[in-house]
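*Asks:* Let me begin by handing over the structure; questions about it come next.
The values are calculated or read from the model by the stated rules, or taken from the named source; none is laboratory data. The model shown is predicted, which means the values in this text are computed figures rather than measured ones. All Cβ positions, glycine included, derive from the backbone under ideal geometry; neighbour counts span all protein chains shown. Heavy atoms of the whole protein, side chains included, go into the accessibility calculation; ligands, DNA and RNA do not. Shrake-Rupley method; radii C 1.70, N 1.55, O 1.52, S 1.80 Å.
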Amino acid sequence: MDTDTRHDPAPLPDRGTRALTTEESWELLRQSVIGRLAVVHDDAPDIFPVNYTVDHGTIVLRTAGGTKYDAARNRPVAFEMDGYDLDRAEAWSVVARGTAVEVRDVDDSIAVMSLPLIPWAEGSKPHLMRLVPDTVTGRRIRVSGGVRRP
């Protein structure tokens with residue numbers, strides 16, 4: 001759900017969809033904690049739910065070794081998160097495309113470890129990944145017949 005209480009989003013046009021500015025897209029990314037990381041693995045697309053945080057214009061996540069790590073590390077990826085605003089009956093979606101870079105520098109690793117990024121799943125998640133986006137886009141969609149808060 002969209003929890004932005006600082007300002008109301010701009011009104012949607014009559015056809016019900018509005019592209020978000022880069023700043024609006026980043027604001028929505030900052031408000032959520034879970035998204036989906038899209039990678040290519042064995043020549044096929046794959047998507048993984050991940051918790052994340054935003055840090056200095058990048059998206060940071062922790063992971064164990066395995067398919068997600070192998071397919072994302074130093075490769076092009078996409079990251080998507082979305083939500084639904086019950087007060088306005090509007091959905092929104094933000095997509096970031098770029099490269100997932102493993103954090104290896106000691107100072108950067110210490111800085112990332114101080115971020116509010118606690119893995120949800122049990123087990124070791126020793127790999128710190130930073131998605132450095134080339135593009136961040138988003139849109140709001142008026143949902144015809146959408147559910148509203150009572």
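*Asks:* Just for segment 60-82: of the residues that are more than 17 Å from Arg104 (Cβ to Cβ) and touching a Leu at 6+ places or on another chain (Cβ under 7 Å), which one is most open to solvent (accessible area, probe 1.4 Å)?
*Replies:* Lys68
*Asks:* Still on this structure: Regarding Pro133, is this residue assigned to a strand (DSSP E or B), modelled with pLDDT of 85 or more, of a type outside the set (D, E, K, R) and open to solvent by 90 Å² or more (accessible area, probe 1.4 Å)?
*Replies:* no
*Asks:* Here's a follow-up. Just checking, does segment 26-48 include any residue being outside any strand (DSSP E or B), aromatic (Phe, Trp, Tyr), within 13 Å of the chain's Cα centre (by Cα) and more than 19 Å from Ala121 (Cα to Cα)?
*Replies:* Scanning segment 26-48, I find at least one residue that is outside any strand (DSSP E or B), aromatic (Phe, Trp, Tyr), within 13 Å of the chain's Cα centre (by Cα) and more than 19 Å from Ala121 (Cα to Cα), so the answer is yes.
*Asks:* Among the residues of segment 107-126, how many are assigned to a loop (DSSP other than H, G, I, E, B), open to solvent by less than 50 Å² (accessible area, probe 1.4 Å) and without any contact (Cβ under 8 Å) to a residue 24 or more places away in the chain?
*Replies:* Adding up the residues that qualify gives 0.
*Asks:* Give me the residue from segment 15-25 that is open to solvent by 30 Å² or more (accessible area, probe 1.4 Å) and assigned to a strand (DSSP E or B) and, out of that set, nearest to Pro119 (Cα to Cα).
*Replies:* Of everything passing the filter in segment 15-25, Ala19 is nearest to Pro119 (Cα to Cα).
*Asks:* In segment 20-52, which residues are touching a strand residue (DSSP E or B) at 6+ places or on another chain (Cβ under 7 Å), among the small types (Gly, Ala, Ser) and modelled with pLDDT of 95 or more?
*Replies:* Answer for segment 20-52, where residues must be touching a strand residue (DSSP E or B) at 6+ places or on another chain (Cβ under 7 Å), among the small types (Gly, Ala, Ser) and modelled with pLDDT of 95 or more: Ser25, Gly35, Ala38.
*Asks:* Now for a separate question. Can you find a residue in segment 91-106 that is open to solvent by 60 Å² or more (accessible area, probe 1.4 Å) and closer than 30 Å to Ser144 by Cα?
*Replies:* yes
*Asks:* Additional query: Report whether or not Arg97 is within 30 Å of Asp42 (Cβ to Cβ) and not hydrophobic (A, V, I, L, M, F, W, C).
*Replies:* Yes.
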